[in-house]
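Before any comments, here is the structure.
A short reminder: the numbers here are calculations on the coordinates, not readings from a lab. From a predicted model like this one, the values you see are computed outputs, not experimental measurements. Here the Cβ positions follow ideal geometry from the backbone for every residue, glycine too, while neighbour counts run over all protein chains shown.
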């Protein structure tokens with residue numbers, strides 16, 4: 001039933017589920033519940049109704065990593081400081097909701113940018129609008145953040 005596992009998402013084989021005449025939502029829920037019992041897995045979340053799921057503060061973090069058409073069927077939240085690969089070409093994992101994995105340093109450098117440290121919460125979605133503002137152009141249509149005012153001074 002599982003096609004593959006990539007970047008904390010499990011992708012199910014819809015053809016096999018359909019051929020076995022099983023309910024996709026029930027298969028997803030059953031696998032997610034079983035995975036949650038494994039050591040090192042904090043929670044496994046079906047993504048089918050990601051936008052409406054409530055009850056766990058980690059879900060908001062998971063929603064930020066989820067894309068409705070590209071993400072898998074089940075998202076795995078590993079326990080803090082757990083690595084879900086024994087060996088192979090993967091040397092790091094990203095995408096967990098834990099603070100150590102969500103902290104992103106943002107650095108701007110240029111001739112008209114003043115050296116400074118900013119001690120407020122910033123989000124990476126502000127990078128594209130900030131670069132656009134520095135260049136005097138319209139941000140990309142899909143840009144979601146606001147320009148970082150500290151950089152534009």
Study note, to complete from the structure: In degrees, nearest 10, the alpha-carbon axis of helix 24-36 is tilted away from the dominant principal axis of the alpha carbons of the chain by 80
Revision key, fill the gap. When 120, 64 are ranked with the fewest other C-beta atoms within 10 Å first, the list becomes 120, 64
**Study point:** Helix-derived mean residue ellipticity, 222 nm - over the chain, DSSP H n ≥ 4, -39500 (n - 2.57), to 500
**Key:** -7500 deg cm²/dmol
Review point. If you stretched the chain out fully between residue 69 and residue 29, how much longer would it get, using 0.36 nm times the residue separation minus the C-alpha to C-alpha distance?
Key: 12.5 nm
Exercise for review: Find how much the distance from residue 83 to residue 112 grows on full extension, using 0.36 nm per residue of separation minus their present alpha carbon separation; answer in nm with one decimal.
Suggested key: 6.3 nm
Practice item. For segment 42-85, just say rounded, prolate or oblate: build the C-alpha gyration tensor, square-root its eigenvalues into a ≥ b ≥ c, call rounded for a/c under 1.5, and beyond that prolate if a/b exceeds b/c, oblate if not. Key: oblate
Check your understanding: In which sequence would 37, 14 go, from the one with the fewest C-beta neighbours within 10 Å to the one with the most?
Key -> 37, 14
Exercise for review: Sort the chain into rounded, prolate or oblate with this rule: let a ≥ b ≥ c be the square roots of the eigenvalues of the Cα gyration tensor; rounded if a/c is under 1.5, and if a/c is not under 1.5, prolate when a/b is larger than b/c, oblate otherwise.
Suggested key: prolate
Point to revise | Cα gyration tensor, segment 104-153 - rounded (a/c under 1.5), prolate or oblate | key: oblate
Review point. Using the 10 angstrom Cβ neighbour count as an exposure proxy, how do 11, 75 rank, fewest first?
Key: 11, 75
